[in-house]
Each structure stands twice: as C-alpha cells, then as structure tokens.
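Written out below as structure tokens is the structure these notes cover.
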Amino acid sequence: MKIKSFLILSTIFTNLPIAVLAQEATLTLEINGKGKVDIESHNIFCTETCQQQITSNSVVSLNFEETPEYQFSHWEPGSCDAGEEVLLNPDKKQLIAQEFRPKEVAFADFNGDGLQDIATISLFISQLTVSFSIGDGQYQLAQTFSDPIYSSSMATADWEGDGDTDILVVDYKANAILSYINDGNGNFALTDVIEIENERPYSLAIADINQDGLNDLLLGSFNANVSANSLRDIITSVNGPSLRWYTNQGDNQFSLYQDIPTEGAFFKLAVGKLTGSSQFDIVGTAINLNKVLAYRLTASDYIESTIFADNYVYGVALGDIDQNNKTDVLVTSYYGQAVGLLTQHQNGSFTANIIHQAEDGLTSVSFADIDTNGIDDIVWGEFDNRVVNWIPANSLKTCVVNMNSNRTVVANFIEGTPDDTTNNNITPPPPLQDQSSSGGSYGLSGLLILAIYGYRKRLIKNAKLMIKSFL
C-alpha cells in the first residue's frame with residue numbers, strides 16, 4: 001500500500017508544470033508618469049507600478065509604449081543589466097572649441113579622478129592638447145604639445161603597463177610615432193620617438209596581438225602628397241597602402257608580425273572584438289576607397305569585408321553603446337558630412353542610423369560618457385567649424401534584466417508629445433553585398449550602407465568644400 005501511494009505521489013509531482021516547481025523572483029515595475037511597460041515573452045504589461053513573479057534566473061526584456069500626452073524619458077540608472085539600441089537626443093551640443101582644426105579626439109581618465117578627459121590632435125598647426133574634465137561636460141585645458149610636424153593619428157593605451165593611460169601620436173611627415181607618457185597625475189612628457197624601417201605610418205591602433213604582455217602596433221601606411229590643396233587632391237595622390245602588425249621587442253624595437261593584404265589607405269584604425277571570440281578584429285576607414293573595411297581574424301588569417309560606404313569616410317570607433325555585449329561601430333564621412341551608428345544586435349545583424357547630418361566636413365568620432373549617466377554618448381570633430389560636438393544618449397531603448405534575484409526597474413515618462421526623431425529610426429537602403437576576400441564570408445548579417453541624405457545640398461556646396469576643406 002505504501003509503495004502504491006509513493007508511486008501515485010511520484011507520478012503527480014513528475015507531471016506538475018515546470019513553472020510550479022521552478023523558483024520565482026519578484027520583478028517590481030515602478031512607472032513614473034503615464035505609460036506602458038511590456039514584459040516581452042511573458043505576455044504581461046503594466047500601466048502603473050506593479051509586481052510580477054518571474055522564473056528565477058530567466059532574462060526578461062522590457063519595452064515601453066508612450067501615450068499621446070507622455071513621452072518616455074529613461075530607465076532609471078541601475079535598473080537594466082543590458083539593452084538593445086539607445087534613445088538619443090537629436091540636438092547636438094558643443095563640447096569644446098579649438099583654435100585649430102580638430103583631426104582626432106580620444107577619451108580616457110588621464111588624471112585618475114574617475115572622469116573622462118579628452119585629448120585632441122589638430123591641423124594645420126600640428127598640436128596635441130590634453131584637457132581635464134571638471135564635470136557636467138566642461139573641460140579645462142591642461143597641456144599643449146607642438147612637437148609633431150604633421151600629426152595624422154593618435155591612440156591611447158597603458159603603453160608602459162603601469163596602470164596609467166598614455167598617448168601615442170603618429171607624425172606622418174617625420175615617419176615616426178611619438179610616445180607621450182603619463183606620470184599618473186595626467187602630466188605628460190614626450191619620452192620616445194619610435195621609427196620603424198620602411199614604414200610611413202599614417203594611422204595606428206594598439207593591442208597585444210601576440211599576448212606577451214607588451215603593447216604592439218597596428219600601422220596603416222601609405223604615401224601621399226599631404227601638401228596638396230584639398231583632401232580630394234591628397235587622396236588622389238595616395239599610393240602603396242599597407243596594413244601591418246608589428247610586435248614589441250622592448251626598448252622601442254619592433255618586428256614585423258603580419259602583413260595584411262589591402263588596397264585601403266587608412267585614415268583611422270580600431271581594434272577590438274567585432275564578432276566571434278577574437279579581440280583583434282580590425283576596422284578602418286579606407287578613405288581612398290570610400291569604404292569602412294572590417295578584418296575579422298579567423299584561425300588562420302584575416303577576412304576582409306565592407307561594412308559601410310560613403311563619400312570620404314574619415315573616422316571610426318568601436319564600442320558597446322547599448323550594453324548588449326555586441327560591438328557597435330561609429331563612423332564619420334568628410335564630404336558625406338554624416339555621423340553614422342551601426343548598432344549590433346544579438347543575432348549579429350546591424351541597424352544603421354544617421355545620427356547627425358552636418359554642414360561641414362567631419363573628422364574623428366568617439367564613444368564617451370560625457371554626461372556620466374552610465375551610457376556612452378557620441379562625439380565627433382567638425383574640421384572647418386573648429387569644434388568638437390556631441391549628442392547625448394538619454395537611455396537604453398529596450399531594458400534587459402537578469403532575474404537572478406528580486407529586481408526593481410523604474411521607467412520614467414514625462415509630459416509632452418512623443419517625438420519619433422528621438423529614436424533615430426532612419427530606414428537604411430538595401431544592404432551592401434558581402435565583399436569578403438579569400439573566398440570567405442564575414443558573417444555580418446545585413447552589411448549596411450548608411451542612408452545618406454542631403455545629396456543635392458552637398459552638390460551645391462561642392463565648390464565651397466573644394467576650396468576650404470583640407471586634411
């Protein structure tokens with residue numbers, strides 16, 4: 001009798017729904033203002049503060065819906081573990097003005113106060129400037145260096161491995177790389193001039209490609225007449241482009257590690273994890289081809305693909321703006337006059353948006369959390385206007401939450417008519433065809449060419465740009 005009872009109870013528990021046996025965690029949705037929050041895949045929504053029981057250790061995605069009188073403002077900082085896409089403020093803001101034309105901009109905490117400081121290089125008076133953040137998007141000039149003859153590119157890295165962020169600047173006319181070493185308090189000094197035989201570098205990126213603990217150099221080199229009258233004339237003169245890794249042997253000695261076949265003359269290079277597991281994928285602006293080229297590192301070699309195309313692509317940066325552990329790509333085009341964001345989704349596809357359409361030539365671009373809200377903003381240089389501008393990222397669009405414990409998510413809605421332009425959902429044209437070399441496929445779903453508008457206006461301004469737009 002006991003055996004029979006045990007079998008009956010065992011059958012009952014075995015056939016109980018999984019949800020009954022699974023542990024649950026409480027998701028508290030606090031809604032400030034008036035709006036709706038949907039819990040995707042659970043067919044649940046709340047229009048006011050509520051609590052929902054969610055299976056423990058599951059991942060939920062929360063999306064907002066606006067009302068005619070209220071627009072979504074932001075998820076409260078700390079509410080989300082990750083996201084999908086971001087909500088951007090459509091109005092650009094000036095970050096800094098420069099006496100000379102900004103060519104590149106980079107951000108790092110140079111003085112160890114937890115704020116993102118800024119470094120720039122400029123033309124035609126070749127200068128490196130370092131400015132410290134004093135909070136609220138304000139910067140104070142700290143140091144200026146005029147050592148380079150023709151500063152063409154720069155990169156920041158802990159060059160010496162002492163925990164401080166240093167700056168390396170390419171001096172194109174001197175065929176050299178200048179290393180400015182940080183003393184830990186944000187005070188820089190030019191300590192070394194690195195020259196590599198048979199290289200005329202224009203752009204560089206820094207990474208430990210052979211993982212021996214020393215920083216190595218990725219160099220984009222070419223010959224060009226940089227004294228020409230316009231950027232177009234400079235690019236027309238380009239010949240002999242190359243893309244090569246050099247490993248650090250110590251004492252400023254470098255040896256060739258890998259020569260990557262390319263036809264691109266790279267104005268800017270970035271190294272990071274674009275897809276897959278490699279931390280050493282490469283993205284660069286091949287300005288002579290009007291393409292942003294990506295090089296995915298496989299087990300045996302790099303495979304090249306085009307991920308963006310526009311009129312004189314200039315700047316590129318890698319980051320994870322929506323914090324979904326997928327690398328996003330920022331690009332600028334000089335004569336295209338566009339700032340573009342390629343947001344990568346979990347399935348590897350990209351959404352392409354035009355973030356800003358400018359009136360003048362655009363140069364460098366960067367991710368940086370200027371307003372310290374925990375989300376990277378978008379920063380770019382405007383060459384002729386002699387300014388560095390930015391657009392704030394107000395919030396993650398989709399809020400992803402890991403229910404490994406009881407969680408509280410706060411959604412803020414504010415009075416006002418919802419404005420779709422805030423979301424920057426500009427429909428791109430059909431995707432560019434995969435142009436992988438070596439017979440391989442890059443594997444990026446929907447390689448995209450950004451939608452560039454204002455074409456007729458650019459044609460009208462063409463003569464003006466020919467005169468005033470220089471490298």
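The values are calculated or read from the model by the stated rules, or taken from the named source; none is laboratory data. Keep in mind that what you see is a predicted model, and the values were worked out from it rather than measured. Cβ: placed from backbone, ideal geometry, glycine included. Neighbour counts: every protein chain shown. Please note that ligands, DNA and RNA were not included when accessible areas were found on the heavy atoms of the full protein model with its side chains. Shrake-Rupley method; radii C 1.70, N 1.55, O 1.52, S 1.80 Å.
Could you tell me whether region 267-280 includes any residue that is open to solvent by 20 Å² or more (accessible area, probe 1.4 Å) and assigned to a strand (DSSP E or B)? Yes, some residue in region 267-280 is open to solvent by 20 Å² or more (accessible area, probe 1.4 Å) and assigned to a strand (DSSP E or B).
On the given criteria, is Tyr257 modelled with pLDDT of 95 or more, aromatic (Phe, Trp, Tyr) and open to solvent by 40 Å² or more (accessible area, probe 1.4 Å)?
Here the answer is yes, as Tyr257 does meet what is asked.
For region 223-269, the tally of residues that are touching a residue at least 40 places away in the same chain (Cβ under 8 Å), farther than 21 Å from Leu362 by Cβ and among the hydrophobic types (A, V, I, L, M, F, W, C) stands at 3. Taking region 324-348 as the range and being of a type in the set (Ser, Thr, Tyr), crowded, with 24+ Cβ neighbours inside 10 Å and assigned to a loop (DSSP other than H, G, I, E, B) as the test, only Tyr334 passes.
Contact annotation: residue pairs with Cβ atoms under 6 Å, 6 or more positions apart or on different chains, pairing a residue in region 101-114 that is of a type outside the set (Gly, Ala, Ser) and at pLDDT 95 or above with a partner that is open to solvent by 10 Å² or more (accessible area, probe 1.4 Å) and assigned to a loop (DSSP other than H, G, I, E, B), are Phe107/Gln116; Phe110/Thr165; Asn111/Asn185.
Of all the residues in region 152-161, those that are surrounded by fewer than 24 Cβ atoms within 10 Å (Cβ to Cβ) and modelled with pLDDT of 95 or more number 4. Annotation note: of Asn229, Asn239, Asn252, the sole residue that is among the polar types (S, T, N, Q) and open to solvent by less than 70 Å² (accessible area, probe 1.4 Å) is Asn252.
Of all residues in region 208-253, which are of a type in the set (A, V, I, L, M) and out of contact with any Lys or Arg (no Cβ under 8 Å at 6 or more places or on another chain)? Write out each step before concluding.
Taking region 208-253 as the starting set, the residues that turn out to be of a type in the set (A, V, I, L, M) are 209, 214, 217-219, 224, 226, 228, 231, 234-235, 238, 243.
If the condition is that a residue be of a type in the set (A, V, I, L, M) and out of contact with any Lys or Arg (no Cβ under 8 Å at 6 or more places or on another chain), then Ile209, Leu214, Leu217, Ala224, Ala228, Leu231, Ile234, Ile235, Val238, Leu243 are the ones that fit.
Before we move on, is Glu85 at pLDDT below 95 and either surrounded by fewer than 20 Cβ atoms within 10 Å (Cβ to Cβ) or assigned to a strand (DSSP E or B) (or both)? In short, yes. Tell me, which residue of region 182-223 that is of a type in the set (Ser, Thr, Tyr) and surrounded by 23 or more Cβ atoms within 10 Å (Cβ to Cβ) is nearest to the chain's Cα centre (by Cα)? Here the residue is Ser203. Based on this model, can you work out whether Asp166 counts as within 26 Å of the chain's Cα centre (by Cα) and farther than 21 Å from Leu243 by Cβ? When the stated conditions are applied, Asp166 passes them. The set of residues in region 118-128 being closer than 13 Å to Val388 by Cβ and modelled with pLDDT of 95 or more consists of Ile118, Ala119, Thr120, Ile121. Out of Phe145, Phe222, one residue alone is at pLDDT 95 or above and within 28 Å of Gln94 (Cα to Cα). It is Phe145. Somewhere in region 293-300, is a residue part of a strand (DSSP E or B), open to solvent by 50 Å² or more (accessible area, probe 1.4 Å), without any contact (Cβ under 8 Å) to a residue 40 or more places away in the chain and aliphatic (A, V, I, L, M)? Scanning region 293-300 turns up no residue that is part of a strand (DSSP E or B), open to solvent by 50 Å² or more (accessible area, probe 1.4 Å), without any contact (Cβ under 8 Å) to a residue 40 or more places away in the chain and aliphatic (A, V, I, L, M). Going by what's in this entry, would Gly315 be described as touching a strand residue (DSSP E or B) at 6+ places or on another chain (Cβ under 8 Å), surrounded by fewer than 19 Cβ atoms within 10 Å (Cβ to Cβ) and either part of a strand (DSSP E or B) or of a type outside the set (Phe, Trp, Tyr) (or both)? No; evaluated as a whole, the condition is false for this residue. For Val226, the conditions (1) aliphatic (A, V, I, L, M); (2) closer than 25 Å to Asn288 by Cα; (3) within 27 Å of the chain's Cα centre (by Cα) are fulfilled apart from (3). Yes or no: Ile96 open to solvent by 20 Å² or more (accessible area, probe 1.4 Å), in contact (Cβ under 8 Å) with a residue 24 or more places away in the chain and either within 21 Å of Ile177 (Cα to Cα) or outside any strand (DSSP E or B) (or both)? So Ile96 does not fit the description; no.
Could you check, for region 134-145, whether at least one of its residues is surrounded by 21 or more Cβ atoms within 10 Å (Cβ to Cβ) and among the polar types (S, T, N, Q)? There is no residue in region 134-145 that is surrounded by 21 or more Cβ atoms within 10 Å (Cβ to Cβ) and among the polar types (S, T, N, Q).
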